[in-house]
Each structure stands twice: as structure tokens, then as C-alpha cells.
Amino acid sequence: MSLSLATFQFDVTPPLGHSLCGGWIPSVKAVDDPLEAIGFVLLGAGKPIVVCAVDWTGICNGSHLAWRQSLAEAAGTTPDRVAVQCVHQHDAPFVCLDADRIIREQGDLPPNSDPVFFSLCLDRGRAAVKESLKRSRRITHVASAQAQVEEVTSNRRILGDDGKVLKNRSVAPSGEDVRHLPAGVIDPWLKAVAFYNGKTKVAACYYYATHPISYCCKAGRVSAEFVGLARQLKEQHDDPDCKHIYFTGCAGNQNTGKYNNSDVKENRQLLTQRVYEAMEAASAELKPEPIRGVEWQTLDILPPPRADLSAEAIQRQISDKAKSVVLRNRPAFTLSWLERIKRKMPITLSALHVNNISLLNLPGEPFVEYQLAGQALFPDRFVAMAGYGDGGPWYLPTAEAYTQGGYEVSVAFCDPRVDGILSNGIQQLLDRRPVA
Ligand SMILES: [Zn+2]
């Protein structure tokens, strides 16, 4: 097997005035640090495979497909062999051009995003991928390792004695009264997977599950947040020819609330350091082994929407000028999801298997239980999961979480059957014979 890897990176920082997080928080006023799309093209295992992490809040429905089609075209492959996963920073674009069309019809709402900027990003992506192919490097070895991240993530759903969500553990100062409570169900491990040419590291991917928010959403200051800054720090301290890519895992119910107060701006630096230290610790454990097998696998799912969602009622809410921007722009995402389901446009789950390492690409905001369950079911495999692929369905709670209520469940677009569908999909992607 002769494999090679081409790494690429391009700027996706929105221009001044561009909407952030779907348009209901202040738009871009300044850039604290740029947003990047970083990825690789893997060549030599059938048609090219493309995996890309984007420093945006989300990319949904038709817009997500457009990204994948665009990178696929540049790499000479098909969109089903392309995974585009957002890192989910919030002072960042949250793009759904379907929602944008619905919102612009209103005339008085801030747009979801700018289609011109969006297509500019796709152009940059195509150019970056094509350019990268000219300097692809042979890869022969792979390695995986993990390290615990200390005091960064916590479960944001605080349950009461009745088993229902009592409070959302916020990163804001108002979360102070629950900060002393245990972290709850989390995955403390940061996972690292690296590809090598002999002993030379060519690309390193990191996976960790938390909402990447130290402070945000108040001043229109764009940032790749502490995870992006940790990635940069790693880049500065590692082999200069190695590309570092950070993926946010199943973080739908994970945030920094226990360890962070969004009024303390210095916390961004503190959280950066903690993630960076775990990147260093995991990297120190990487032991390259010859690549024996590579496989790309996909599975399409079409989870049913919540039964109580009515397109007519949602459209009325969007048109209700007495309502706040968030209560009008957000339902435009919901309506786009319902229309997409009506078109039967599926969500594609994908997995890159290299030896006994499985890197899964999942949609929306899956709860951390999905990655914990997948890892527990297949203890012989090294399983890392990236969430925030196709953002169409928003939160993906577990069936149990639906019975507990809480914010995420209240704005989830799928009905509770999504748990069985997604869990089964993850299991199908992981249930495989060991590579000889
Ligand atoms: Zn989120």
C-alpha cells in the first residue's frame, strides 16, 4: 500500500460586520485571532479521502453539502469521502444558507451569513486543496495516544433530585452557585492520532469534547478560542513541517462552566495552557507503527424530526416582529431542517479506519455519552470522534436526556428516536474485524 498525505489550511475569518453565531449576537467588530480551516487529503486508499476541521460554530444542511462537494471536486473525489467538522467556537459564523434565505425574506432581521463570503471560503478551500496535492508526502506509519485534560470540561446539565435538569451550568458568572458541584459525565481524555513518513510526523489530529468557549458572544470579537490557541501553540513547539488539526468531540452537553467564569478574560489563556499540556502529554506517548490497512466507511441516516414541530407555526414565529432576534433567527434553522427532511436529504456519518484506530465524523452536537458508549463497546479499538459535521439537526441528546428536559432538549430538532439511530450507526461503523 502506497499512501500519501497532503495537508492544507486556509483562512475562514469573517469580514467586519458579518453575523456571528447565526445573527443573534453582536456581529464582527474585531478579530482577536483568525479562524482557520485545516485538513488533509489522504491518497492511495481508493479515491482520495478528505478530512477538514473548520473554526466556525456550524455549517448546516445544503451549506454543509456545498463544502463537501467543493473540497471533493478539488481533491478529485466524491462528497461521501469528505468530512467537514466544525470546531464550534461561538464568535464565529454559524452558516445555514437555507436559513439565510428564510431570514432575508423578513427584511428586518440580521442575516444568518453572507453568501458571498461563504463562496469565497469555498474558492479558497478548492485552491488550498489543489495546491496541497502538489506537495503531498508519503506516509508509512500511524500512532495514537491520549492524555487527560485537567480542569477544562464539565457537564453543563445539573440534575435535580427528581432526575430532571435543574439548571444549565453556565460559563457566565451566574453559574457561580453550581461551580462547586461535581463535573458530572465527561470524557476527560484528549486523543491524538498522527501520520508519519518513517519517523517524521506529517500531520497530527487532536480530539477533545468540550464547548470551546472561555468568553464570547458579547463584543463581536472573533476568536478560534482556547482550543485554536492551543493548536497554534502546539504548532510553534512541534516539528515545523507537521500540520496540527483540532476536532471538537461529542460536546453537546459539555462546557467549561465548572472551571470558568466568562468575566475573567485571563481564563482563556489558562484553558489554552491546559489543552496544550494535554496535547504535549499525548504527543509524548505516540509510538508510530507501520500502516497495515486504511478504510473509509460511510453510513447515511435520516433521523425523524420532533413530532411537535410545525412548519407553519415556526414560520409564524419567524415573522413575529414582536419577538427577539434569537427567537426568530433560530427557528429559521429549525425550518431548514424540516424542509431538508422533507427532501429526504440524509446525514452522512463517516469513519476513517487506520489499523485499529477509528476516527468517526458525526453530525450536529452529540452528547458526550455517544462517544463514551462507542469507546466502551469496542475497547480493542482506539476510537476518536469529531462532532459538528452537518449541523442541520442541532443538539443530539440521548433518549434518557429527552426525559430529563433542559435547554439542549428544548431546542433539539430530532425526536428521541435519534438515539437509537445514531448509536446503531456508530456501532455499525466500529464493528469490524481487526486489521491483520
Ligand atoms: Zn453548542
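Every read-out reported here was derived from the displayed coordinates using simple, explicitly stated rules and does not represent laboratory data. In this text, all values refer to a predicted model and were calculated from it rather than measured experimentally. Every residue, glycine among them, receives a Cβ derived from its backbone with ideal geometry; neighbour counts consider all protein chains shown.
Observations, loosely collected:
- Projected onto its three principal axes, the C-alpha set of region 303-393 covers 55, 26, 20 Å, listed from the longest axis down.
- Expressed as a whole percent, the proportion of Cα-Cα pairs in region 24-112 lying more than 24 Å apart is 31%.
- Additional length obtainable on full extension of the chain from Arg417 to Met345, 0.36 nm per residue less Cα span: 24.1 nm
- Label zone at Leu166, where the point sits 7 Å out along the Cα-to-Cβ direction: region 245-289 residues whose backbone N lies under 20 Å: 253-260
- Extending 7 Å from the Cα toward the beta-carbon at both Asp32 and Glu266 defines two label points whose distance is 1.5 nm.
- Nearest-0.05 FRET efficiency for Asp108 and Leu372, computed from C-beta distance (R0 41 Å): 0.40
- Gain upon complete extension [Arg138, Leu302; 0.36 nm per residue less C-alpha separation]: 55.3 nm
- The Cys residues in the chain with no partner Cys Cβ within less than 4.7 Å of their Cβ are Cys21, Cys52, Cys86, Cys121, Cys205, Cys242, Cys250, Cys414.
- The angle separating the long axis of helix 418-430 from the principal Cα axis of greatest extent in the chain is about 0 degrees.
- Taken along its three principal axes, the alpha carbon spread of region 239-378 comes to 57, 43, 31 Å, from the longest extent down to the shortest.
- 4 °C / 1.567 mPa s Stokes-Einstein diffusion coefficient of region 29-186, Kirkwood radius on C-alpha pairs, µm²/s: 68
- Between Gln427 and Thr200, the simple spin-label model (points 7 angstrom out along Cα→Cβ) gives 4.5 nm.
- Once backbone amide H atoms are built at 1.01 Å from N, Asp390 has Gly364 as its partners under 5 Å, excluding neighbours fewer than 5 places away on the same chain.
- Debye equation applied to the C-alpha atoms of region 185-310, log10 I(q)/I(0) at 0.13, 0.21 Å⁻¹: -0.68, -1.22
- Between the helical axis of 225-237 and the longest alpha-carbon principal axis of the chain there is an angle of about 20 degrees.
- Cβ-based net charge around Ala75, under 11 Å, with every Lys or Arg adding one and every Asp or Glu removing one: +4
- Between Leu159 and Lys218, the contour length at 0.36 nm per residue exceeds the alpha carbon distance by 18.4 nm.
- 10 Å-binned pair-distance histogram of region 123-163 (Cα, whole percent): 17, 18, 19, 26, 12, 8
- Angle of helix 267-284 to the longest C-alpha principal axis of the chain, folded into 0 to 90 degrees and rounded to 10: 30°.
- Tail fraction, Cα-Cα pairs, the chain, threshold 32 Å, whole percent: 32
- As a size descriptor, the averaged projected area of the C-alpha convex hull of region 28-79 was calculated at 4.4 nm².
- Total charge dipole magnitude, the chain, about the Cα centre, Cβ charges on Lys, Arg, Asp, Glu only, Debye to nearest 20: 800
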